[in-house]
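The values are calculated or read from the model by the stated rules, or taken from the named source; none is laboratory data. Given the structure is predicted, the values throughout are model-derived calculations rather than measurements. Please note: Cβ atoms are built from the backbone with ideal geometry, for glycine as well, and neighbour counts cover all protein chains shown.
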Amino acid sequence: MKRINISHVSNMHNQWLRTLNFYKSEMSILKGILTEVGGKNSNAEMLKDVEHFENQFKIQAINIDTIAHGIHVNIDAISKEATNSSAGYIDSNLATEHDQLCAQAEDEEKIMIELIRSFRKFAEKWM
């Protein structure tokens with residue numbers, strides 16, 4: 001049976017939530033730049049890209065909220081486990097959920113890094 005220390009899991013949850021919050025804040029900044037770029041230009045190609053980035057920011061905001069919600073649900077389940085167990089470890093089901101959340105958070109970070117890189121190229125082209 002796979003067991004993970006509860007304090008280690010808690011630290012990881014906090015790290016993921018901070019990272020997700022950072023990217024959500026970053027998207028707010030990027031949306032402002034997108035509005036500025038879109039307001040200064042009327043090129044059809046550029047407007048198509050503006051729409052693309054608007055849609056991507058919406059999709060990623062939803063993904064971030066979904067992952068953060070999953071993390072909070074996992075935190076609650078682990079808290080209940082901690083009160084019922086004096087060993088300081090979580091059971092295998094919670095460990096599996098934890099691993100899945102880890103993969104989701106890491107995938108979202110990769111997506112955001114690529115989205116930001118792509119957006120910067122776009123902004124440099126049209127500013």
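Numbers at a glance
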read-out: Residue check for GLU45: of a type outside the set (Phe, Trp, Tyr), over 24 Å from ILE6 (Cα atoms) and either out of contact with any helix residue (DSSP H, G or I) (no Cβ under 8 Å at 6 or more places or on another chain) or assigned to a helix (DSSP H, G or I) (or both); value: yes
read-out: Matching residues, the range 8-29, being among the β-branched types (Val, Ile, Thr) and surrounded by 20 or more Cβ atoms within 10 Å (Cβ to Cβ); value: VAL9
read-out: Selected residue [part of a helix (DSSP H, G or I), in contact (Cβ under 8 Å) with a residue 60 or more places away in the chain, among the β-branched types (Val, Ile, Thr) and within 24 Å of ILE6 (Cβ to Cβ)] from ILE71, ILE75; value: ILE75
read-out: Conditions (1) under 11 Å from the mean Cα position of the chain (by Cα); (2) more than 13 Å from HIS13 (Cβ to Cβ): number failed by GLN104; value: (2)
read-out: Residue list for the range 107-124, restricted to those being loosely packed, with under 12 Cβ neighbours inside 10 Å and either touching a residue at least 40 places away in the same chain (Cβ under 8 Å) or among the acidic types (Asp, Glu) (or both); value: GLU114, GLU124
read-out: Out of THR66, THR83, THR19, THR35, sole residue that is part of a helix (DSSP H, G or I) and over 28 Å from PHE119 (Cβ atoms); value: THR83
read-out: Pick from the range 53-107, criterion of a type in the set (Asp, Glu) and modelled with pLDDT under 95, ranking: nearest to ALA123 (Cα to Cα); value: ASP99
